[in-house]
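**Student:** Sharing a structure here in structure tokens format.
The values are calculated or read from the model by the stated rules, or taken from the named source; none is laboratory data. A quick note: this is a predicted structure, and the numbers were derived from the prediction, not measured. Note: ideal-geometry Cβ built from the backbone for every residue, glycine included; neighbour counts use all protein chains shown. The accessibility values were calculated without ligands, DNA or RNA, using every heavy atom of the protein model including side chains. Shrake-Rupley method; radii C 1.70, N 1.55, O 1.52, S 1.80 Å.
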Amino acid sequence: MSEKVVAITGASNGMGLEAAKLFAQRGWIVYGGARRVEKIPTTNGIHALKLDVTDDASREAFIQTILTDQHRIDVLINNAGYGEYGPLEELPLENLKAQFDVNFFGAAALTQLVLPTMRAQHSGRIVNISSIGEDVFTPLGGAYHATKAALRRWSNVLDQEVKGFGIRSVIVQPGGTQSSWAEIAMANAKKNLKPNSVYRPLVEAVETQLSGIPASAATSADLARLFYRAATDETPKYAYFNTWSDRLMARTARVHPRLYMRIADRLMKGFSKEAAK
């Protein structure tokens, strides 16, 4: 059989970039898509393509280029995403819609484009990069958490629908990661505050929490290896976690919501006192 082909969105930095490198090192033909295409390396079998996951023409050109070149796509990794943080009372609805366009609808649209080819091949895998944040939620992250929860359920239903064609749809749930994600999310939170917002102390409290990611947190290279497992496991799992603690946190929030809320409320106690003044 010819070399396998993987398409990776959000391949210009972080987990997506490291995944592109790893798949190429392991003999795959890699097509990485991103808006900042110049940041994707074009060595060792990596092909860099311009991609805006929110644009119909860009998505279609991305997939069609791969099919024209290779006549197949074995794995699609829906990795592109970001955190549009901000208090839900003040978050502009256009920003909420933009969060869904990138984190959810972009993945859904690209998947629709590759499924006919995968059905014809009688094989294929859709790897959807969610987060423990689909279960573990914090103040200011309502838009982000909603997109990841939607992606999870959509992926589960898709898996039921396409399994009979030899295709699987799986979820990867990263936890704390050494990256600029939190910094960008909090910059968005500050941008989304109204003048003299009553939520400013909350933003400061959450920023303090998110800045405490330990040096032992997962690296982008760690998560690239998790992406590879999700893409290649002969019998794919329901969901993929990098560590047992990530799995435990997600399970606690999902199965024991009252316990999780008590813990979360205790962490935010300082903000509650400040807001009550």
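**Student:** Only residues that are open to solvent by less than 20 Å² (accessible area, probe 1.4 Å), in contact with a helix residue (DSSP H, G or I) (Cβ under 6 Å, 6 or more places away or on another chain) and closer than 30 Å to Ala205 by Cβ: list them for the stretch 96-131, please.
**Tutor:** Scanning the stretch 96-131 gives Gln99, Asn103, Ser130, Ser131.
**Student:** Go through the stretch 95-114 and give me each residue that's polar (S, T, N, Q) and in contact with a strand residue (DSSP E or B) (Cβ under 6 Å, 6 or more places away or on another chain).
**Tutor:** Once the filter is applied, which keeps residues that are polar (S, T, N, Q) and in contact with a strand residue (DSSP E or B) (Cβ under 6 Å, 6 or more places away or on another chain), the stretch 95-114 yields only Thr111.
**Student:** Out of curiosity, is Phe137 at pLDDT 90 or above, at negative phi and in contact with a His (Cβ under 9 Å, 6 or more places away or on another chain)?
**Tutor:** So Phe137 does not fit the description; no.
**Student:** Now for a different question. Among the numbered criteria (1) free of Cβ contacts under 8 Å to residues at least 60 places away in the same chain; (2) assigned to a strand (DSSP E or B), which single criterion is violated by Arg168?
**Tutor:** (1)
**Student:** Would you confirm whether or not the stretch 245-253 contains a residue that is modelled with pLDDT of 70 or more, part of a helix (DSSP H, G or I), more than 24 Å from the chain's Cα centre (by Cα) and under 24 Å from Ala217 (Cβ atoms)?
**Tutor:** Scanning the stretch 245-253 turns up no residue that is modelled with pLDDT of 70 or more, part of a helix (DSSP H, G or I), more than 24 Å from the chain's Cα centre (by Cα) and under 24 Å from Ala217 (Cβ atoms).
**Student:** Considering the stretch 1-28 alone, what residues qualify as being outside any helix (DSSP H, G or I), crowded, with 19+ Cβ neighbours inside 10 Å and either aromatic (Phe, Trp, Tyr) or out of contact with any strand residue (DSSP E or B) (no Cβ under 9 Å at 6 or more places or on another chain) (or both)?
**Tutor:** Across the stretch 1-28, the qualifying residue is only Trp28.
**Student:** Could you please find all residues in the stretch 120-165 being closer than 24 Å to Arg262 by Cα and outside any helix (DSSP H, G or I)?
**Tutor:** Of everything in the stretch 120-165, those that are closer than 24 Å to Arg262 by Cα and outside any helix (DSSP H, G or I) turn out to be Ser131, Asp135, Val136, Phe137, Thr138, Pro139, Leu140, Gly141.
**Student:** So which of Gly32, Gly16, Gly27, Gly10 is over 19 Å from Phe104 (Cα atoms), in contact (Cβ under 8 Å) with a residue 12 or more places away in the chain and among the small types (Gly, Ala, Ser)?
**Tutor:** Being over 19 Å from Phe104 (Cα atoms), in contact (Cβ under 8 Å) with a residue 12 or more places away in the chain and among the small types (Gly, Ala, Ser) holds for just one of Gly32, Gly16, Gly27, Gly10, which is Gly27.
**Student:** So Ile73 clears everything in (1) touching a strand residue (DSSP E or B) at 6+ places or on another chain (Cβ under 6 Å); (2) of a type in the set (A, V, I, L, M); (3) modelled with pLDDT under 95 except one condition, right? Which one?
**Tutor:** Against the list (1) touching a strand residue (DSSP E or B) at 6+ places or on another chain (Cβ under 6 Å); (2) of a type in the set (A, V, I, L, M); (3) modelled with pLDDT under 95, Ile73 comes up short only on (3).
**Student:** Can you tell me which residue within the stretch 84-95, out of those that are under 17 Å from Ala149 (Cβ atoms) and of a type in the set (A, V, I, L, M), is least open to solvent (accessible area, probe 1.4 Å)?
**Tutor:** Looking at residues that are under 17 Å from Ala149 (Cβ atoms) and of a type in the set (A, V, I, L, M), I get Leu91.
**Student:** Let me ask another. Sort through Tyr228, Tyr240 and tell me the only one that's in a strand (DSSP E or B), touching a residue at least 40 places away in the same chain (Cβ under 8 Å) and buried (at least 16 other Cβ atoms within 10 Å of the Cβ).
**Tutor:** Tyr240
**Student:** Name the single residue, out of those in the stretch 145-197 being at pLDDT 95 or above and of a type in the set (Phe, Trp, Tyr), that is surrounded by the fewest Cβ atoms within 10 Å (Cβ to Cβ).
**Tutor:** Checking each candidate, the answer is Phe165.
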